[in-house]
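This report concerns only the one structure given below.
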Amino acid sequence: MHRSKIAGIGMYVPQHVVTNNDLLKYMDTSDEWIQERTGIKERRFAHRTEETTTTLGVKAAKTAINRAGITPNDIDFIIFATLSPDYYFPGCGVLLQRAMKMKEIGALDVRNQCSGFIYALSVGDQFIKTGMYKNILVIGSEKHSFGLDFSTRGRNISVIFGDGAGAVVLQPTDKPGILSTHLHSDGESAEILAMYNPGTHANHWTEQKLADFDDAEAGEMFMSHTMIDKAQLFPNMDGPAVFKKAIDKFPEVIIEALKTNNLQPFDLQLLIPHQANLRISQAIQKKLGLRDDQVYNNIQRYGNTTAASIPIALCEAWEQGKIKDDDLICLAAFGSGFTWASALLRW
Ligand SMILES: CC(C)(COP(=O)(O)OP(=O)(O)OC[C@H]1O[C@@H](n2cnc3c(N)ncnc32)[C@H](O)[C@@H]1OP(=O)(O)O)[C@@H](O)C(=O)NCCC(=O)NCCS
């Protein structure tokens, strides 16, 4: 059985930089509040009409494919992770296949929010291990700027997120490559960080009403005028509850990956945590006793780019020469679901 390796990596962030002070024109907030609670100084927003989640992904994918020394024609499977797709359906995978003029290969969409990239990487890893595919394109991409509530009502969420994309090409290797991946979920708190509508939940899961449907007997219930009027079409988040769970589950899943491979935190050259909040990364670093140079953070410049944050951070770290051959790298994520995951790899 083969192992898989990252043979090429790429990233793309939109040109438009939005500072914390720029957000003041939409909502009541401050640079001080945002930096103190999250570490974020600025984020990127995609062009309103010329860029989509898929087109950001295409740009990152082109770089990854180039660096792997192959062409789009060589890709034999696409895995696209996002929570902000161009269409409700079909997913971004097929749109990317079309945009990159690829062969009639399989395209899978992964909907695991902040853990999406590691889930996608893990799926790709299994296909390489079984010998089914030889060049798998794994993408994480988000265009959050299109859908968030930029009024003061939505400020606890909208200041955190940014747009961007990252991609890798997975190929078989005889070297160690991806050592293991670890995937988890706990749906008990699914509503704590979620966008409920449009959806078919019909207020089934909660005592609290999550949507106001109009009076239709069938159909026309996905979206109603009342949902728009009552701002029910935006994401919801209980920030402190997410924070608490994240600082438990991140270290747990990192230790799980290390233990599986008989390794210790001090063996790590670099930990790339999903960029949720700088305070969360710092709490993980402290719990694991890692040095500053063992943890990579770039949330200050991009905000939380959800499924894109890990491949963007991995790509930047690699471009800056912080990742060398044989280095032990851990990727770790936590997010809506809740879902959390890790991947340990030898570069
Ligand atoms: C969102 C988060 C930064 C909020 O920080 P917090 O210290 O928990 O703040 P709270 O939500 O308790 O709100 C504190 C106050 O700040 C206010 N506030 C919220 N957002 C604000 C903003 N952007 N600007 C100014 N004030 C804001 C709140 O209204 C509240 O005011 P009040 O005390 O008068 O009611 C923090 O909880 C967090 O990062 N959680 C994890 C979120 C996350 O990582 N999500 C992605 C998961 S992958």
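Each reported figure results from applying straightforward, stated rules to the coordinates on display, with no laboratory input. Treat the numbers as computed from the prediction; the structure is a model and nothing was measured. We place every Cβ from the backbone using ideal geometry, glycine too, and count neighbours over all the protein chains shown.
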Item to check | Relative contact order, percent, segment 1-131 [alpha-carbon distance under 8 Å, six or more residues apart] | outcome: 29 percent
Item to check | Order by protection proxy (mean Cβ within 10 Å, highest first), peptides 13-23, 48-58 | outcome: 48-58, 13-23
Checklist entry - Excluding L314 itself, what net charge comes from residues whose Cβ is under 12 Å from its Cβ, given Lys and Arg +1 and Asp and Glu -1? => result -2
Item to check | Residues whose placed amide H lies under 5 Å from that of K134, excluding near-sequence neighbours | outcome: D76
Next on the checklist: Give me the percent relative contact order of the chain, please, defined on Cα pairs under 8 angstrom at least 6 residues apart.
Outcome noted: 25 percent
Checklist entry - How large is the charge dipole for segment 74-147, taken about the Cα centre, if only the Cβ atoms of Lys, Arg (+1) and Asp, Glu (-1) carry charge, to the nearest 20 debye? => result 60 debye
Next on the checklist: Pick from G219, G39, G289 the residue whose mean-square fluctuation is largest in a GNM of the chain, springs joining Cα atoms under 10 Å.
Outcome noted: G219
Checklist entry - Can you give the FRET efficiency for I192 and D74, using 1/(1 + (r/R0)^6), R0 = 41 Å, r = Cβ-Cβ distance, to the nearest 0.05? => result 0.50
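So how strong a dipole does segment 236-347 carry about its Cα centre when Lys and Arg Cβ are +1 and Asp and Glu Cβ are -1, to the nearest 20 debye?
Numbers: 12 positive and 12 negative charges, 68 e Å.
The dipole magnitude comes to about 320 debye.
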Checklist outcome for this item: The ³J(HN,Hα) series, computed from each phi in segment 82-89 with the Karplus coefficients 6.51, -1.76 and 1.60 at θ = phi - 60°, rounded to the nearest Hz and given as x for glycine or proline, is 6, 10, 10, x, 4, 10, 4, 8
Next on the checklist: Per-residue counts of other Cβ atoms within 10 Å, averaged by peptide: what ranking do you get for 112-124, 270-282, 247-259, 333-345, highest first?
Outcome noted: 112-124, 333-345, 270-282, 247-259
Item to check | Among A7, T63, I34 - extreme Cα towards positive end, dipole of segment 3-121, charges at beta-carbon | outcome: A7
Next on the checklist: Looking at the chain as a GNM with Cα springs under 10 Å, which of A313, A99, A107 has the largest mean-square fluctuation?
Outcome noted: A99
Checklist entry - To the nearest 10 degrees, how steep is helix 239-260 against the longest Cα principal axis of the chain, on a 0 to 90 scale? => result 20 degrees
